[in-house]
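For reference, the structure discussed in these notes is given below.
Read the figures in this text as sums done on the coordinates, not as results from a lab. The shown structure was predicted, so the numbers you read here are calculated from the model rather than taken from an experiment. Methodologically, a virtual Cβ is constructed for each residue, glycine included, from the backbone with ideal geometry; neighbour enumeration extends over all protein chains shown.
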Amino acid sequence: MAPDDLDELFGDDLILDHRRHPRNPEHIDDAAIIADGANPFCGDEVHFQIAIDEGGRVSDTGFQGVGCAINQASGSMLSEAIKGKTLGEIRELHDLFSGLMKGRMPNKEQAAVLGDLASLTAVLAFPIRIKCALLPWSALEDGITASPK
Ligand code: ZN
């Protein structure tokens, strides 16, 4: 067991797997969108690079970060979930995930769209950590807003 306070609280395999083996760790140098976020309260930090193809879809993502298990798992899941999506589809996914963090349970179809992200419902039992799960998404939103169109 890694010496992480939350590893023992969050028994969900998917969360632990993303925490221990973050997806897309390689930095992308020529990214169209750069998104960074930090939450000094628990030392969470996320950094994303997002490459967009000619069709306006995410072709590649890079994710680096430090912080608590929930934050890092959420960032890793995000970096996977947005691949192949347009910015509009990412916004829809963000809405779905925000709803989830407010306790709105997804229907079957929405759960399929959320994929691994749906496992983060475990966070609802620890309200103080909801912010940690949402940090990657607010960072991404800021990054999209700031990126040249
Ligand atoms: Zn955190």
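Between S138 and D30, the FRET efficiency estimated from the beta carbon spacing at R0 = 30 angstrom works out to 0.80. Overall shape of region 85-149 was characterised from the C-alpha gyration tensor. The equivalent ellipsoid obtained from it has semi-axes of 21, 16, 8 Å, in decreasing order. Ordering C132, H47, V58 by the projection of their Cα atoms onto the charge dipole of region 3-146, which places +1 on the Cβ of Lys and Arg and -1 on the Cβ of Asp and Glu, puts C132 at the extreme positive end.
Separation of region 39-72 and region 102-135, taken as the distance between their Cα centroids, equals 17 angstrom.
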